[in-house]
Amino acid sequence: GNSVTQMEGPVTLSEEAFLTINCTYTATGYPSLFWYVQYPGEGLQLLLKATKADDKGSNKGFEATYRKETTSFHLEKGSVQVSDSAVYFCALSVPSGGSYIPTFGRGTSLIVHP
Amino acid sequence: DGGITQSPKYLFRKEGQNVTLSCEQNLNHDAMYWYRQDPGQGLRLIYYSQIVNDFQKGDIAEGYSVSREKKESFPLTVTSAQKNPTAFYLCASSKDRAKTEAFFGQGTRLTVV
């Protein structure tokens, strides 16, 4: 079946530190890959996506590259801010029985201290 | 503005009662989904629907029911058969095509009292 594995949190960083959140996936077929962000008490918002191998998705200083050879889609940011504190979800979408049901990882909590 | 709206934001239910969570979208999306979120467990799929008047069970459908009478609406009923209903419930929609993302509502936090 399809699945997504993320590094466990929480990840605790000081402001301006470099961020990496690891994500690997298992999928039958050729998935599209996504990172979503969830702020406390809210729903998920799309952060970035990549739809084919070697594509790089980017948004608000965050980046992730679709690596088919390692089945990975790691999230990075060069300099985090306190406002980046949130839960980050890696997800995939691949056709299954005629539907593209999103499959999510367990989420990684990021805490950024001033 | 197009979007997906869940209501209410907070809901309290007595044990043994059924309760219905509302989800409405004006994005003209074909597919709609219900997820349950518990701490440390990520998002688990309860039900999904690809088209009006049709829906499918997800991974944790027991104790829940849904309907899809209109494209815009996909309400979730948490029945008294659900053993542990206290959770954060998220509704989402998508175009149900390759390369497209899901759009989420703000969630409903259900507490059994």
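The values are calculated or read from the model by the stated rules, or taken from the named source; none is laboratory data. Keep in mind it's a predicted model, so treat the numbers as computed, not measured. Using ideal geometry, Cβ is built from the backbone for each residue, glycine included, and neighbour counts are taken over all protein chains shown.
List of remarks:
- Test result for B:Gln41, polar (S, T, N, Q), modelled with pLDDT under 95, more than 23 Å from A:Tyr100 (Cβ to Cβ) and more than 11 Å from the chain's Cα centre (by Cα): no
- Which numbered condition B:Ile51 fails, given (1) touching a strand residue (DSSP E or B) at 6+ places or on another chain (Cβ under 7 Å); (2) among the aliphatic types (A, V, I, L, M); (3) within 30 Å of A:Lys52 (Cα to Cα): (1)
- Members of region B:75-93 found to be within 11 Å of the chain's Cα centre (by Cα) and either more than 14 Å from chain A (Cβ to nearest Cβ) or of a type in the set (A, V, I, L, M) (or both), listed by number: B:Pro75, B:Leu76, B:Thr77, B:Val78, B:Leu90, B:Ala92
- The set of residues from region B:62-113 being part of a loop (DSSP other than H, G, I, E, B) and among the β-branched types (Val, Ile, Thr) comprises B:Thr79, B:Thr86, B:Thr100, B:Val113.
- Selected residue (only one of A:Ser93, A:Ser85, A:Ser72, A:Ser99 is free of Cβ contacts under 8 Å to residues at least 24 places away in the same chain and either in contact with a Ser or Thr (Cβ under 7 Å, 6 or more places away or on another chain) or surrounded by 14 or more Cβ atoms within 10 Å (Cβ to Cβ) (or both)): A:Ser99
- Within region B:37-56, the residues that satisfy the criterion of being within 14 Å of chain A (Cβ to nearest Cβ), more than 24 Å from A:Tyr39 (Cα to Cα) and surrounded by fewer than 14 Cβ atoms within 10 Å (Cβ to Cβ) are B:Ile51, B:Asp54.
- Residue in region A:23-31 that is modelled with pLDDT of 95 or more, over 30 Å from B:Thr5 (Cα atoms), surrounded by 12 or more Cβ atoms within 10 Å (Cβ to Cβ) and of a type outside the set (Phe, Trp, Tyr) present: yes
- Condition check for B:Glu69: without any contact (Cβ under 8 Å) to a residue 40 or more places away in the chain, acidic (Asp, Glu) and away from chain A (no Cβ under 13 Å): yes
- When region A:32-87 is filtered for residues that are more than 24 Å from B:Thr5 (Cβ to Cβ), of a type in the set (Gly, Ala, Ser) and either more than 10 Å from chain B (Cβ to nearest Cβ) or out of contact with any Gly (no Cβ under 9 Å at 6 or more places or on another chain) (or both), the ones remaining, listed by number, are A:Ser32, A:Ala53, A:Gly57, A:Ser58, A:Gly61, A:Ala64, A:Ser72, A:Gly78, A:Ser79, A:Ser83, A:Ser85.
- Within region B:86-100, tally of residues that are surrounded by fewer than 21 Cβ atoms within 10 Å (Cβ to Cβ), within 20 Å of A:Gly43 (Cβ to Cβ) and not hydrophobic (A, V, I, L, M, F, W, C): 3
- The sole residue among A:Ser58, A:Ser85, A:Ser79 that is within 20 Å of B:Gly42 (Cβ to Cβ) and among the polar types (S, T, N, Q) is A:Ser85.
- The condition (being among the acidic types (Asp, Glu), closer than 21 Å to A:Gly98 by Cα and either out of contact with any strand residue (DSSP E or B) (no Cβ under 7 Å at 6 or more places or on another chain) or facing another protein chain (nearest Cβ under 9 Å) (or both)) is satisfied by just one residue among B:Asp96, B:Asp59: B:Asp96.
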